[in-house]
Every structure is written in structure tokens, then in C-alpha cells.
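Visitor: One structure follows; several queries about it will come next.
Values in this text are rule-based calculations from the coordinates and carry no lab data. Keep in mind it's a predicted model, so treat the numbers as computed, not measured. No Cβ is skipped: glycine too gets one built from the backbone with ideal geometry, and neighbour counts run over all protein chains shown.
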Amino acid sequence: MNVEESLRSALQALAANKLRALLTMLGIIIGVASVITMLAIGEGAQKSVTDRIQALGSNLLMISPGVQRGAGTFVMMGGTSVKLKNSDANALRQKVVNVDAVTEELSRQAQVKFENRNWNTRVVGTVPSYEHVRNVKVVSGRYFTNSEERGVAKVCLLGPTVVEQLFPSSSPLGKSIRIAGQLFSVIGVLESKGQSGFMNSDDQVLVPLATAQRRLFGVEYLSQITVKTVNDQVMTEAMYEIERTLRREHKLRTDQDNDFTIRNQSDILTTFQETQQTFTYLLAGIAAVSLLVGGIGIMNIMIVSVTERTKEIGIRKAVGARRADIMSQFLIESIVISVSGGCVGILSGIAAAIILSSYGSLATVISLDSIVMSFGFASCVGVAFGVYPAWKAAEQGVIEALRYE
């Protein structure tokens, strides 16, 4: 019996038990569709983060207090008293060449309220140059001015998410909201930037830095300093100058490590991509478990099929079928089930990713690699879990098979 005859025989056997074959394929279909959908969601999120970080520009340097230990983890040196201060930002403005702008930032979570609506959001105290450095535009209203920042004015700008939560059906301009219990006048609404990694740029409130430090949080330090260089060609030189300047400001000896961390956009982008890729593989791994479950289902059904067709196996052997012929017939049946289920699963996964992207809030990117990988895995599952039933069928004796009732 050649491969063509084995394939024809396998298809005839599956056609005789359509419902059972369909239910057996279901595990493979769900597994393949889940893998493709999860990978599409993960790669879509990674692309979205990459695009938003790159949109900020390639010439930004982020200075954070403490020393970075691994992705996203910072350890304070010499205790929590070592922090970035306003004087550090002023020193960078005055002493570092090739700097286009410097922005101080102090961010904390706080409760905001308007009438009977309230929302917990990120409150960022900053200076007017934030608009230029961070490329955050105002769609209505205006930014606060330098005089308002120096005068500790109680004014604020709202991100789109905060506007949706507090002002679902009206404009917030000119109205007053409470931030941590204090009244602030809304002077502007920020442009939508969307999710960037683990932070939603739309879910924030901007206030003058001096107001955040003196009126809201009662602190003198900064969460971060962002430096925009004149171009990306001087990034390395600017980083060395910033390091020297801050070490002098913090009075660090030559044998002491930096109590701050300087990162450029490439470092941040790499960190986000690595984190997102790990998360994507985790999702795909969880989804791939259903493929293994589907493979076990194939093996169970094929063992049942071998038992049911014991007499047929005996007749085939009696008329001259070899062990290899019997084994190839049942192995091909298993492969047909897994490959067919894989094809349907691919179409289902692509459809699910498109629906999530079109009608949901998730960005998805369907890659050829994910399709090839999931289909290949499904095919391997069919072979791996079909070998034992096929071997069991081939090992049956002619006399015992013919006597089987």
C-alpha cells in the first residue's frame, strides 16, 4: 500500500465518523487559534510601545534617582535621602552643552474629583518645557506658564482618560476639580498618546512643579529629569557631561558609584521590548498547552479507532498488508486530523486577531512566523501522538484480530 492509498483509506475512515473526527480536531483548532491570537496581541502591544517611544524622539535622556539593577528596578544608594533635586536640573541647564531643554518631573498617584465623580490617576508636577521635551500637545486650552509655575498656581491640564471619567458629557475647561482635596482650575486638555508599556499616558494630570512640591506632596525632590539634546549625534557626549555634572552636584568621591541612572531612548526601548517579548512568549506558552491537550485527544480517539477496527486490521493483514502499511494508515489518519485542525485553527486565529483589532481596544500584529510555528507544532503533535496507536495497530496478530468481536 503506497502513501496515496493510505491517505485515501485514512480519509474514508474519518469520513465514516465525521462528528468524532470534528470533535478530535477541536482541541487542535483551539490550540492553534489561541497561539496565533496571543502572539498577535503580544506583538501588537510591542509595536505600539515601540512606535510611541520612538515618537518622543531619539535624542532624549532620562535621569532617575538610584542605581538600576535589572529591567525597571532601581536601588537607592546611601539610603532614601539621596534623590534628584531642582538644583540638579538647573545645573544641567547651565553647565551641560548640547542641551536643547531640561524638564523636571515629580509624579505620584492621587485622587481627583469633580462633583460626584472621582478617579485615581497619576499627577505629574512639571515645567512648561514638558510640552516640547515630551512632545505632549494640548488639543484645547493651554499649558501653564513659567510665571504660573514660579507662583505656585493651582492650575492643571487633564489627560483624555481623566476627562472621560470626570467630564463624560461636557468640556472641563474653566471648571475646578479637586486634586488630593485641593481645588485646581482646569486650563487645558492633553492630546491622546495611548498606552506606553505599563503606563497609560492618557491617564494623567499635569500641574506646575512648584505646586506639586509645595502644595500637594510637600517634598523637594524629583522623580525624574528628562534632557533633550540638540541632536542624537551628541547623545554619548551629553551623557558623560551629565554624569560629571551630577557627580559634582552630589559631591560624590571618585571611589563612589553614581547615585543616579542615565538612560537613553534606545535603552528604554530595549527594556520594554524584552519585557513585552517575555510576556508574549508566556501567553503563547499557555496557549500551546491546549495543543498538547488536543494531541492527547487525538491519541485517545486513535486508540479507540484501533480497537473498533481490529477485525479490519486482521483482514488487511490476511490479504497481504504489511506492518508498515497498517502503521502508515493510522499514522496518516492522525496527521490528517492535526493538519486539518491546524488549517482551521490558523483561519480562526487570524479572524480573532482581526476582530480584536477592529472592534476591541487591542492592537494586533499577525506575523508569518507565528502561523508557521503554530502549524508546525500542530503537525508535530499529530505525528507524536499518533505513533503509539499506529504501532499498536501494526503489532496485532492476524489470528487474534480475525477472532475479535
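Visitor: Can you name the residue in the stretch 102-133 that is within 15 Å of residue 202 (Cβ to Cβ) and hydrophobic (A, V, I, L, M, F, W, C) and is also surrounded by the fewest Cβ atoms within 10 Å (Cβ to Cβ) among such residues?
Guide: Per the stated criteria, the residue is 119.
Visitor: Got at least one residue in the stretch 214-223 being more than 33 Å from the chain's Cα centre (by Cα), farther than 20 Å from residue 110 by Cβ, free of Cβ contacts under 8 Å to residues at least 40 places away in the same chain and part of a loop (DSSP other than H, G, I, E, B)?
Guide: No, because not a single residue in the stretch 214-223 is more than 33 Å from the chain's Cα centre (by Cα), farther than 20 Å from residue 110 by Cβ, free of Cβ contacts under 8 Å to residues at least 40 places away in the same chain and part of a loop (DSSP other than H, G, I, E, B).
Visitor: Determine whether the stretch 164-172 contains at least one residue that is out of contact with any strand residue (DSSP E or B) (no Cβ under 8 Å at 6 or more places or on another chain), polar (S, T, N, Q) and either within 30 Å of residue 98 (Cα to Cα) or part of a loop (DSSP other than H, G, I, E, B) (or both).
Guide: Yes: one or more hits.
Visitor: I need a count of the residues in the stretch 144-193 that are in contact (Cβ under 8 Å) with a residue 60 or more places away in the chain and closer than 16 Å to residue 209 by Cβ.
Guide: Number satisfying all stated conditions: 8.
Visitor: Can you say whether residue 136 is part of a loop (DSSP other than H, G, I, E, B), in contact with a Leu (Cβ under 7 Å, 6 or more places away or on another chain), surrounded by 19 or more Cβ atoms within 10 Å (Cβ to Cβ) and not hydroxyl-bearing (Ser, Thr, Tyr), as far as the supplied structure shows?
Guide: Yes: the conditions hold for residue 136.
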